[in-house]
1. For region 79-100, state whether one or more residues are under 23 Å from T210 (Cβ atoms), surrounded by 17 or more Cβ atoms within 10 Å (Cβ to Cβ) and not aliphatic (A, V, I, L, M).
2. Test L54 against the criterion of being modelled with pLDDT of 90 or more and in a helix (DSSP H, G or I), and give yes or no.
3. Does region 9-44 hold any residues that are touching a residue at least 24 places away in the same chain (Cβ under 8 Å) and within 31 Å of the chain's Cα centre (by Cα), and which are they?
4. Looking only at region 116-128, decide whether some residue is in contact with a Phe, Trp or Tyr (Cβ under 7 Å, 6 or more places away or on another chain) and on the phi < 0 side of the Ramachandran plot.
5. Among the residues that make up region 149-170, is at least one of them at pLDDT 90 or above and of a type in the set (V, I, T)?
6. Given the options L176, L223, L148, L235, name the one that is surrounded by 16 or more Cβ atoms within 10 Å (Cβ to Cβ) and either touching a Ser or Thr at 6+ places or on another chain (Cβ under 7 Å) or closer than 27 Å to A95 by Cβ (or both).
Amino acid sequence: MKHVSPWRIGGFASLGIACLILIAPLVYGILRGVGELPGAIFDEEVQFACGLSLVTAIISTALCIPLSLCATSSLFSARFKGRSALVQLLTTPMALPHIVLGIMLVLFFGNQGLAPLLEPLGIEFIFTVQGIILAQVVTNIPFVVEQLWAAFSNINPKHIFQARSMGASNAQLDWLVVFPSVKHDIIAAIIMCFSRCLGEYGAVMMVAGTTRMSTEVLPTAILLNTSTGNLSRALAIATILILLAIALSGLSRIWLRQSTHDKYRSHKRVRHGSATGNTTDDADTKGLGVNGSNACADVQYSGAGAESSGANISGAGGDTRSDADVDANGSGVERSDAKGEYAT
């Protein structure tokens, strides 16, 4: 009989406990709630809560993703003291209970904060639908920034160096190199943000309240129906949220798996080039004004040093010459000039 280590036995025991306390209640709730769905779908209150949840989640996601993407991109490309501390501050709210964030938002945008200044402009956040959107955006920005920052940190620095050496501006660098490199992570962040907006409760309850048929979203509808003893309707609403969460989680995993597959293929190509003594990275040169089908930065590695060759660049202007130094292992460098031929 094959010996099974105690560590392996403990691992399977932990897996069984996790499935018991996580998956079993969800399955049981779905089986109980499916029978209540037909009656709940045609209920006016459930329809209102579903509609308001979808509308606010879509708007909040449309605001959160561009804001987080631009902020993360700016932090990634910038070099200044305190950058790590600023990233830490942006992601710290992830560790806070959302009800704490809700209290802070009520104080800041309430009558003791900015409310007297915003009311003449017709902007109100407390106990309004705008407050739902505000709470969803504020609670999700830290999670999106954290996910995008991790994705940006995995970008191959060679690609950024190539784009810079070909004269790419900051906007071209973002749109042609950075964003395409993390496109799957961005889509996964969109799905995650939308899912979290649908299920946000603590901050929404503090800022917008739980007024029936006014600021009632799906999570607060569960609370209202449970407090009034209508457990069948609350169970039906909970089942809707569970099914939506399963679908969105599956989509997110598919996109992240595709991202991992693409990174593996790219890494495999780089390793194959290194094995032959020559690595070539092809950059997407649309919009960079590169003459030819591919712009290659060829770097040949040897025990004594490295050799850097240039690329033909076509743009607007005159001739220019630039030096590129590539140090393979710190022992020696050969310098070559990269001459750019510019078309008038």
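The values are calculated or read from the model by the stated rules, or taken from the named source; none is laboratory data. Since we're looking at a predicted model, the values are computed, not measured. Note: ideal-geometry Cβ built from the backbone for every residue, glycine included; neighbour counts use all protein chains shown.
1. The answer is yes, given that some residue of region 79-100 is under 23 Å from T210 (Cβ atoms), surrounded by 17 or more Cβ atoms within 10 Å (Cβ to Cβ) and not aliphatic (A, V, I, L, M).
2. So L54 fits the description; yes.
3. The answer is L26, G29, I30.
4. The first filter runs over region 116-128 and keeps only residues in contact with a Phe, Trp or Tyr (Cβ under 7 Å, 6 or more places away or on another chain), leaving 125-126.
Next, from what is left, pick out any that are on the phi < 0 side of the Ramachandran plot: 125-126.
Yes, there is a match, as at least one residue in region 116-128 is in contact with a Phe, Trp or Tyr (Cβ under 7 Å, 6 or more places away or on another chain) and on the phi < 0 side of the Ramachandran plot.
5. no
6. Going through L176, L223, L148, L235 in turn, just one is surrounded by 16 or more Cβ atoms within 10 Å (Cβ to Cβ) and either touching a Ser or Thr at 6+ places or on another chain (Cβ under 7 Å) or closer than 27 Å to A95 by Cβ (or both): L148.
Yes/no per residue for (1) outside any helix (DSSP H, G or I); (2) out of contact with any helix residue (DSSP H, G or I) (no Cβ under 6 Å at 6 or more places or on another chain); (3) of a type in the set (D, E, K, R); (4) at positive phi:
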site	(1), (2), (3), (4)
F161	no, yes, no, no
R164	no, yes, yes, no
G167	yes, yes, no, yes
A171	no, yes, no, no
V177	no, no, no, no
P180	no, yes, no, no
I186	no, yes, no, no
I190	no, no, no, no
R196	no, no, yes, no
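Condition check ((1) assigned to a helix (DSSP H, G or I); (2) touching a residue at least 60 places away in the same chain (Cβ under 8 Å); (3) not hydroxyl-bearing (S, T, Y)) across all residues:
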{"site": "T72", "(1), (2), (3)": "yes, yes, no"}
{"site": "L75", "(1), (2), (3)": "yes, yes, yes"}
{"site": "F80", "(1), (2), (3)": "no, no, yes"}
{"site": "L86", "(1), (2), (3)": "yes, no, yes"}
{"site": "L101", "(1), (2), (3)": "yes, yes, yes"}
{"site": "V106", "(1), (2), (3)": "yes, yes, yes"}
{"site": "N111", "(1), (2), (3)": "no, no, yes"}
{"site": "L117", "(1), (2), (3)": "yes, no, yes"}
